[in-house]
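See below for the structure under consideration.
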Amino acid sequence: KYDPESTAGIINIVLKKQQDDGYNGNISTNVGTGDKYNTSVNLNLRKDKFNFSLSYNYRLFNMRGNGATNKKTFFNDSLYNTNSTSNSHMKMNGHFGSFGMDYNMDKKNLFSIAANYNYRDRSRDEEQFYNNFNGQNITTQMYTNKSNEDETGKGLDLNLSHKLKFDRKKEELNTVFQYSRSNEDESSNLNQADYNTGISFLNQKDNTTYTLDNFSGQSDYYRPLGEDNKSKFEAGVKGVYRSINSNYNSNYFDFASQSWIYNSLTSNDFTYKDQVYSVYSNYGNTYKNFGYQIGMRLEQTFTKSQQLTTREDFENNYFSFFPSVYLTQAITKTDEIQLSYTRRINRPNLRVINPFIDYSDPQNLRKGNPYLKPEYINSFELGYMKYFTAMTVSGSLFYRRV
């Protein structure tokens, strides 16, 4: 029923149904060590057939870090060993607002609309020290690498849903349409200078713009079976269309002419589009103290990417299937054993499929593969549940094969 992306689990939260008219709200503030702050305001109003909700959240987050790297080259090269240390400071600011409305037209029809908007900015300053050695372990170069990054982004999510209830208890059809858009603009500056003299030998300015558009629509049907409603049948369909554009613009400082030069070797423009269409069906039942659920999800994925800088087009289409089995055995009224098998997927992201070579760090070159296949994860889990009057204790063992 749920998207099989990644290996994370599923948390099913059942909220208490509240039909009384009125309003409520809460305000919370959190303060953490290391200069971290968070505050939120939530309001809710219910009147007759309508329910309105409004929320705002602000977050300020600071983080400091340090690291060390030792690198050795085992083939014939002018650079054999490199030791580096780094210190960094990162600051994040975030604003998040949401609005929602529910309309209970009648006992069988519920319409909902929701909108979320967020604005974020992030800055990062880092200073690195590099010490290079030749094959005789003699220092050949010592230099500093100072960089700072500034990033701003905003996102919008729109959601329209309809719940249709039938005469049979718990039988329902849920339909959801969603659109989301995210923009990011990142600029960075890099300066490398000789450690002893302080004279710069590399100045670089980079700018990256990133845009994501996502459309999705899905419909899920649920029907209890049998006179006692202990068995169930579920089925659904979903379609997703996603478009991503990443434009990287790089400039370097020419010390001879004392001017900034556009770097055509490192700049690139990459677009990626994919479509995922899926259908699924689940069946669950119980027999005495034994319960089971079996299901199957089928997905067809179409991907198309373009490296506009080198004028290359790529297509990578694949079909996936995702079976699932859940078994439960009640030992006593308060003890239960659970056994499950699920298949998941981890699709390659934009960073690892872009075939353009990233020269932004001369010590670490990156190049993606547009024909990368996704990872499939087969997950087995054995769990034990113990129910007490005021709490539940659980333990589990799992095995995953990727």
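How about region 264-282: which of its residues are surrounded by 16 or more Cβ atoms within 10 Å (Cβ to Cβ) and either farther than 29 Å from ARG347 by Cα or of a type in the set (Asp, Glu) (or both)?
Hits for region 264-282 are ASP269, ASP274.
Taking interchain pairs and intrachain pairs at least six residues apart, which have beta carbon atoms under 6 angstrom, with the first residue in region 20-31 and closer than 29 Å to ASP48 by Cβ and open to solvent by less than 80 Å² (accessible area, probe 1.4 Å) and the second part of a strand (DSSP E or B) and of a type in the set (A, V, I, L, M)?
Between residues of region 20-31 that are closer than 29 Å to ASP48 by Cβ and open to solvent by less than 80 Å² (accessible area, probe 1.4 Å) and residues that are part of a strand (DSSP E or B) and of a type in the set (A, V, I, L, M), the close pairs are GLY25/LEU43.
Could you please let me know if LEU160 is touching a strand residue (DSSP E or B) at 6+ places or on another chain (Cβ under 9 Å), of a type outside the set (Ser, Thr, Tyr), closer than 24 Å to ILE244 by Cα and at pLDDT 95 or above?
When the stated conditions are applied, LEU160 passes them.
Being surrounded by fewer than 14 Cβ atoms within 10 Å (Cβ to Cβ), closer than 30 Å to SER188 by Cα and either hydroxyl-bearing (Ser, Thr, Tyr) or modelled with pLDDT of 95 or more (or both) narrows it down to one residue among GLY97, GLY67; which is it?
From the options GLY97, GLY67, the qualifying one is GLY67.
Any idea which of TYR241, TYR280, TYR252 is touching a residue at least 40 places away in the same chain (Cβ under 8 Å), assigned to a strand (DSSP E or B) and closer than 30 Å to ASN317 by Cβ?
The match here is TYR280.
Taking only region 58-76 into account, find how many residues are farther than 26 Å from SER28 by Cα and of a type in the set (A, V, I, L, M).
Going through region 58-76 one residue at a time, the tally reaches 1.
In region 73-84, how many are in contact with a Ser or Thr (Cβ under 8 Å, 6 or more places away or on another chain), open to solvent by 50 Å² or more (accessible area, probe 1.4 Å) and either of a type outside the set (Ser, Thr, Tyr) or not in a loop (DSSP other than H, G, I, E, B) (or both)?
Result for region 73-84: 1.
Evaluate the following for ASN285: is it surrounded by fewer than 16 Cβ atoms within 10 Å (Cβ to Cβ), over 25 Å from LYS163 (Cα atoms) and in contact with a Phe, Trp or Tyr (Cβ under 9 Å, 6 or more places away or on another chain)?
no
Checking SER123 against (1) out of contact with any Asp or Glu (no Cβ under 6 Å at 6 or more places or on another chain); (2) surrounded by fewer than 16 Cβ atoms within 10 Å (Cβ to Cβ): exactly one of these is not met. Which one?
For SER123, the failing item is (1).
If you check every pair at least six apart or on different chains, which have Cβ atoms under 6 Å apart with a residue in region 115-133 that is within 17 Å of THR144 (Cα to Cα) first and a residue that is part of a strand (DSSP E or B) and of a type in the set (D, E, K, R) second?
Short answer, once both residue conditions are applied: ARG124/GLU149; GLU127/LYS146.
Out of all the residues in region 346-402, which are open to solvent by 80 Å² or more (accessible area, probe 1.4 Å), at pLDDT 90 or above and either of a type in the set (Phe, Trp, Tyr) or assigned to a helix (DSSP H, G or I) (or both)?
TYR371, PHE380, TYR384, TYR387, PHE388, PHE398, TYR399
Pairs only if they're at least six apart or on different chains, beta carbon under 6 angstrom, first in region 303-314 and open to solvent by less than 20 Å² (accessible area, probe 1.4 Å), second in a strand (DSSP E or B) and among the charged types (D, E, K, R); list them, first residue then second.
Once the first residue is open to solvent by less than 20 Å² (accessible area, probe 1.4 Å) and sits in region 303-314, its partners that are in a strand (DSSP E or B) and among the charged types (D, E, K, R) give THR303/ASP274.
Would you check which residues across region 73-94 are at pLDDT 85 or above and not polar (S, T, N, Q) and list them?
Within region 73-94, HIS89, MET90, LYS91, MET92, GLY94 meet the criteria.
Under 9 Å by Cβ, and 6 or more places apart or on different chains, what pairs join a residue from region 48-63 that is assigned to a loop (DSSP other than H, G, I, E, B) with one that is open to solvent by 60 Å² or more (accessible area, probe 1.4 Å) and hydrophobic (A, V, I, L, M, F, W, C)?
The qualifying pairs are LYS49/MET105.
Among the residues of region 122-143, is there at least one that is among the β-branched types (Val, Ile, Thr), under 25 Å from the mean Cα position of the chain (by Cα) and in a strand (DSSP E or B)?
Scanning region 122-143, I find no residue that is among the β-branched types (Val, Ile, Thr), under 25 Å from the mean Cα position of the chain (by Cα) and in a strand (DSSP E or B), so the answer is no.
Considering every residue within region 106-113, establish whether at least one is in a strand (DSSP E or B) and open to solvent by 70 Å² or more (accessible area, probe 1.4 Å).
Yes; the residues of region 106-113 include at least one that is in a strand (DSSP E or B) and open to solvent by 70 Å² or more (accessible area, probe 1.4 Å).
The values are calculated or read from the model by the stated rules, or taken from the named source; none is laboratory data. The structure presented is a predicted model; accordingly, all values stated were derived computationally and were not measured. All Cβ positions, even for glycine, are placed from backbone atoms using ideal geometry, and neighbour counts span all protein chains on display. To get the accessible areas, we keep the full protein, side chains included, count just its heavy atoms, and leave off ligands, DNA and RNA. Shrake-Rupley method; radii C 1.70, N 1.55, O 1.52, S 1.80 Å.
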